[in-house]
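Participant: Sharing a structure below in structure tokens format, with a few things to ask.
Read the figures in this text as sums done on the coordinates, not as results from a lab. Values in this document were obtained by computation on a predicted structure and should not be read as measured data. With ideal geometry, Cβ positions are generated from the backbone for all residues, glycine too; neighbour counts draw on all protein chains shown.
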Amino acid sequence: MSSKGDKILHDEDDGTIEDIKIVPTADLPTRLANSVAYGPGGIRGVIQSPFVFGAAFLASLGGFSFGYDQGVISIINVMPQFHNVFPRAASGFGKGFMTGMLEFGAFIGCFFMPWMADKISRKKALAVVVIIFNIGAILQTAAVNYEMLVLGRTVGGIGVGTLALGAPLYISEISPPNLRGTLLVLESISICAGVVVSFYITYGTRHLDGEIAFRLPLGLQMVSATIVGVGILFFPYSPRWLALVGRTEDTLRNLSRMRRLPPDDSRVLTEYQGIIAEAQFQKTVLERRHPGKQGFKLEVLTWLDLFSPKTWRRTAVGCGILLFQQFSGVNAFIYYAPTLFQSLGQSEEMSLTMSGIFNVLQLVAVGVCFFIIDRVGRRPLAIFGGVGGAVSWGIMAIQYASSYGS
């Protein structure tokens with residue numbers, strides 16, 4: 001690669017990461033600039049890249065499963081049919097514990113996906129995780145007692161946690177530079193769509209007599225997950241993963257297939273060379289930082305690298321944005337919106353209507369991002385969303401002030 005791509009230089013006297021530098025050849029900056037010239041961004045670019053869009057859309061259905069599992073419980077939590085079978089779920093603690101175990105399982109699942117994705121590939125990892133998710137869904141649907149229901153929520157949470165992490169990883173690695181932002185929004189769209197679809201399915205089934213009212217929507221969550229698990233096997237491996245495991249010829253072949261261009265196209269070759277150089281650089285860094293380490297030990301050490309003195313700031317920024325987005329309590333509102341609105345004096349029908357409107361507005365907002373993210377930029381949208389969220393939660397807190405003591 002030194003004749004066509006990047007050269008890896010290092011000082012043998014010092015093992016710090018800063019001593020490993022990428023030194024570009026003379027024409028590399030021009031070729032790197034050309035690598036983003038596959039076509040326009042946004043919707044026009046998506047229309048011109050149907051194969052990549054199809055793969056990204058399919059992977060994003062993992063997010064749909066996550067959203068479905070979140071949204072399905074909100075109306076079930078206020079169903080008399082559900083409380084007749086699981087009376088412990090009617091209490092404040094029982095309801096919160098059962099609901100929250102999905103998030104706990106998702107937290108656990110996040111730690112499995114990086115190792116699995118590197119070991120067996122991104123797409124096979126998604127297929128395996130679907131099996132775990134469906135086991136959780138079966139346990140929830142067939143639950144005969146509260147303990148089995150909680151176990152199902154936990155196992156399902158492990159599945160959705162890994163799905164929610166694996167899908168954007170796969171999407172980002174197969175997307176061309178000009179479409180990466182737009183296609184990654186598909187994950188968020190799918191999550192919100194899952195919430196909306198599950199909410200209105202449950203809104204309809206609540207009128208059914210008996211246990212079918214809640215068991216049917218719980219069972220339907222397996223549909224989208226199964227589509228992901230089976231369908232993803234027919235799409236290509238991530239080029240970056242192929243490069244990491246040394247399958248360089250397959251890397252170029254898959255890249256050519258996804259870009260719908262011949263393997264000798266200059267743009268494909270430039271992107272290919274960049275992927276190979278990055279993979280080699282990553283291996284060199286790991287070998288120098290952790291010589292002789294493999295398997296589980298290496299996995300743990302790479303996690304610890306995130307908190308080293310030279311990288312903790314990046315880790316803090318990356319994790320902090322998502323942490324505070326979740327800490328805003330939006331998931332809790334999805335789960336308990338009907339309960340909250342009823343406690344504010346709304347009728348059962350009005351509380352469900354308002355909850356549905358809230359979910360639909362989330363979907364509309366993220367849909368707007370799909371159309372404008374590459375034109376407006378990530379940072380302005382994040383700032384606007386943060387300020388808008390703060391104002392909205394502030395208004396709700398004021399409205400709810402009279403009930404703080406209850």
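Participant: Compute the distribution of all C-alpha to C-alpha distances in segment 265-383, in bins of 10 Å from 0, and list the percent of pairs in each, rounded to whole numbers.
Facilitator: For segment 265-383, the binned pair fractions read 10, 20, 24, 23, 14, 8, 1 percent.
Participant: Along each of its three principal axes, how wide is the spread of alpha-carbon positions in segment 47-158, in whole angstrom units, largest first?
Facilitator: 51, 32, 21
Participant: Ok, one more. Using 0.36 nm per residue, how much length does the chain from N84 to T339 gain when fully extended, once their Cα-Cα distance is taken away?
Facilitator: In short, 90.1 nm is gained.
Participant: While we're on this one: Need one number: nm distance between label points at T315 and Q346, each 7 Å from Cα along Cα→Cβ, rounded to one decimal.
Facilitator: In this crude spin-label approximation the distance works out to 4.1 nm.
Participant: On to the next question. What percentages, rounded to whole numbers, describe P(r) for the chain computed over all alpha carbon pairs with 20 Å bin width beginning at zero?
Facilitator: P(r) for the chain, in whole percents per bin: 24, 53, 21, 2.
Participant: Given the options L126, L322, L233, state which has the largest fluctuation in a GNM of the chain using a 10 Å cut-off (strictly under) for Cα springs.
Facilitator: L322
Participant: While we're looking at this one, here's another question. Run through all the Cα pairs of segment 75-225 and give the fraction in each 10 Å bin from 0, expressed as whole percent.
Facilitator: With 10 Å bins starting at 0, P(r) equals 11, 36, 33, 15, 5, 0.
Participant: May I pose another question? When a footprinting reagent is the concern and you count Cβ atoms within 10 Å, what order do F107, F86 take, fewest first?
Facilitator: Arranged by neighbour count, lowest to highest, F107, F86 become F107, F86.
Participant: Averaged across orientations, what area in nm² does the convex hull of the alpha carbons in segment 234-291 project?
Facilitator: For the Cα atoms of segment 234-291, the hull's average projected area reads 4.1 nm².
Participant: I need the calculated FRET efficiency for the pair R379 and N145, taking r as the beta carbon distance and R₀ as 60 Å, to the nearest 0.05.
Facilitator: Efficiency for this residue pair is about 0.75.
Participant: Note the count of lysine pairs whose C-alpha atoms are less than 20 angstrom apart in the chain, limited to pairs 8 or more residues apart or on different chains.
Facilitator: For the chain, the number of qualifying lysine pairs is 12.
Participant: To continue, here is another question. What does the highest-first list of 299-310, 178-189 look like by mean Cβ count within 10 Å?
Facilitator: 178-189, 299-310
Participant: While we're here: With a 10 Å radius around each residue's Cβ, average the other Cβ atoms per peptide and rank 315-321, 199-205, highest first.
Facilitator: Taking the mean over residues of other Cβ atoms within 10 Å, the ranking is 199-205, 315-321.
Participant: Need the full-extension length gain, W393 to H207, defined as separation in residues times 0.36 nm minus the C-alpha distance. One decimal, nm.
Facilitator: Full-extension gain reported as 63.8 nm.
Participant: What is the Cα coordinate range of segment 280-337 on the first, second and third principal axes, sorted by size from largest, in whole angstrom?
Facilitator: So the three principal-axis extents are 52, 23, 19 Å.
Participant: What is the extension gain from E249 to L323, computed as 0.36 nm multiplied by their sequence separation minus the C-alpha to C-alpha distance, in nm to one decimal?
Facilitator: 22.7 nm
Participant: Related question: Using a Gaussian network model of the chain whose springs link C-alpha atoms within less than 10 Å, name the residue from V366, V155, V285 with the highest mean-square fluctuation.
Facilitator: V285
Participant: Hydropathy at least -1.0 by Kyte-Doolittle, axial extent at least 24 angstrom from the Cα trace: which helices of the chain, defined as entire DSSP H runs, fit?
Facilitator: Helix filter hits for the chain: 50-76, 92-110, 122-141, 146-174, 180-205, 212-231, 266-289, 348-376, 378-399.
Participant: A further question follows. Rounded to a whole number, what is D in µm²/s for segment 311-373 from Stokes-Einstein with the Kirkwood radius over alpha-carbon pairs (4 °C, 1.567 mPa s)?
Facilitator: 94
Participant: Under the classification rounded if a/c is under 1.5, otherwise prolate if a/b is larger than b/c and oblate if not, where does segment 192-315 fall, given a ≥ b ≥ c as square roots of the Cα gyration tensor eigenvalues?
Facilitator: Taking the square roots of the gyration eigenvalues as a ≥ b ≥ c, segment 192-315 is oblate.
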